[in-house]
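Participant: This is the structure, below, for whatever I ask next.
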Amino acid sequence: MKSTTNLSINPGETLSNPDKMHMMSFSFAKFKILVLSIVLGATISTGSMYGQGCVAIRPMVCGAGGHTNQLGLLTKGEWQASGTYQYFHSFRHFRGDIEEHERIENGTQVENLSHSVDLSLTTALTNRVSLTLNIPYLYYDRSSLYEHYGNSINSNPDQLRFHTKSSGIGDTRITGSYWLFNPEKESLNGNISAGLGLKIPTGNENVQGDFHKLSDSGMDSIVTKPVDQSIQLGDGGWGFSVEVQGFWKLFNKGWGYFNGFYLFNPASVNKTLTRGTLDGANPIIAYHSVADQFAASLGLNYGIWPEAGLSISLGGRIEGVPSHDVIGDSNGYRRPGYVVAMEPGLSYMYRHFNLNFNMPIALYRNRTKSVYDLSDPTGNRHGDAAFADVLYRVSLVYRFGGNFEQGSIPVLN
């Protein structure tokens, strides 16, 4: 789904069994759960929250395992560090769930290239309580016709496309998580974690860019104004998140997983002007909206070669930005919408390290109506947004400290 929101106004719119010597100090049954949860967590990454287009979905999801949703059962004093890289290219325009194929055919599609690296560090305060810090670094490249000379032949005879960019730290999050069931019980075949997080607006929500304008005499000039909301580094508002995630043994070598995430953004708008000026701007969308966002996934992980620490996963996920926030007003310019994706994954674990690859593939995309769209008395107004086909994500997790020891890969049966 297109996970980065464009809030600028597009003329095309209407306004993410070993030996005992290799066991931990706690039971092997618990060790199996711990390892399996690492594998599951990495393969079920809530796909930064994973942005996939012009719908402003920032790269953030369940914090308990970092950007990759690790479900690691850390024991007191243990640490886990992870780095997750993800990439997507959004270019398919949707209005509702109808794709506007003519945008690509006419060459007027908006294209966003998104690169992000999410760094996270988790520490276990107890065997059931952990604290995670997430810091994303973002790089965006956006190209279009309409933001510069325009989409039409009259305004842009050569159909020239120009780029705007942004890069830097995104919004930081601190999340506390709690395992609902005692991890030390040997009979435990799974667990559920509940979390509460704080989002700190460390990302710049008012990145400026150079936009090309063509005069009637054919002279090029540059106008500096805010880049589109989809490539802004932050949303400018404090927020808080709630999340739940878990795993459970279903059959030999097969484990089910689920997770859910909701980010509450109580602020209505930030100080970034959608058009770069208030002149002629509709009050509802004069400024960028500070929008809620959500994600959820459900799937199955299977150990295809447990002795070597290799497993695969397949699940479904949904993520998006709602038209209306749960708390506070929902004014400002936003491109609400959601994506339903199929998410295959591959995970390899060796001693302290866990390497994961996930590839959410969009199956259904819907650019829903915003508050501004819904204010149209005729009911005809419905803005569009560009979505990606697929998102690529690679994560590397390192576990250290406390009672964690190097050893052979356990059999995950």
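Read-outs: derived from the displayed coordinates by stated rules, not from any lab. Just so it is clear, the model here is predicted, and its values are computed rather than measured. With ideal geometry, Cβ positions are generated from the backbone for all residues, glycine too; neighbour counts draw on all protein chains shown.
Participant: Indicate the gyration tensor shape class of segment 20-401 (rounded, prolate or oblate), computed on the Cα atoms with a ≥ b ≥ c the square roots of the eigenvalues: a/c under 1.5 is rounded; otherwise a/b larger than b/c is prolate and the rest oblate.
Facilitator: Here segment 20-401 falls in the prolate category.
Participant: Moving on. Can you sort 312, 284 by how many other beta carbons sit within 10 Å, fewest first?
Facilitator: Starting with the residue having the fewest Cβ neighbours, the order is 312, 284.
Participant: Would you give the gap between the C-alpha center of segment 343-364 and the C-alpha center of segment 185-221, rounded to a whole Å?
Facilitator: So the separation of the two Cα centres works out to 22 Å.
Participant: Compute the signed sum of charges (Lys and Arg +1, Asp and Glu -1) over the other residues within less than 13 Å, Cβ to Cβ, of residue 283.
Facilitator: Combined, the nearby Lys, Arg, Asp and Glu give -1.
Participant: Let me ask something else. List 91, 357 from most exposed to least, where exposure is judged by having the fewest other Cβ atoms within 10 Å.
Facilitator: 357, 91
Participant: With θ set to phi - 60°, apply the Karplus curve 6.51 cos²θ - 1.76 cosθ + 1.60 along segment 326-343 and write out the HN-Hα couplings as whole Hz, x wherever there is a Gly or Pro.
Facilitator: So the J values, rounded to whole Hz, are 6, 10, x, 6, 10, 6, x, 7, 8, 10, x, x, 8, 10, 10, 10, 9, 10.
Participant: Take residue 106 and residue 403, extend 7 Å from each Cα along the Cα→Cβ direction, and tell me the distance between the two endpoints in nm.
Facilitator: The modelled label-to-label distance comes out at 6.5 nm.
Participant: Quick one: if you stick a label point 7 Å off each Cα along the C-beta vector at residue 271 and residue 378, how many nm between them?
Facilitator: Inter-label distance under the simple model: 3.7 nm.
Participant: In whole angstrom, note down how far apart the Cα centers of segment 229-273 and segment 103-143 are.
Facilitator: A separation of 12 Å, based on Cα centres.
Participant: Moving on to the next point. In this model, which of 165/213; 165/369; 76/185 are farther than 24 Å apart at the alpha-carbon?
Facilitator: 165/369
Participant: Using Cβ counts within 10 Å as a stand-in for footprinting exposure, how do 277, 164 rank, fewest first?
Facilitator: Ascending number of Cβ neighbours within 10 Å: 277, 164.
Participant: If Lys and Arg each add +1 and Asp and Glu each add -1, what is the summed charge of the other residues whose beta carbon sits under 12 Å from the beta carbon of residue 393?
Facilitator: Charge balance near residue 393 sits at -1.
Participant: Once you place label points 7 Å from the Cα toward the Cβ at residue 210 and residue 304, how far apart are they in nm?
Facilitator: Using points 7 Å along Cα→Cβ, the separation is 4.8 nm.
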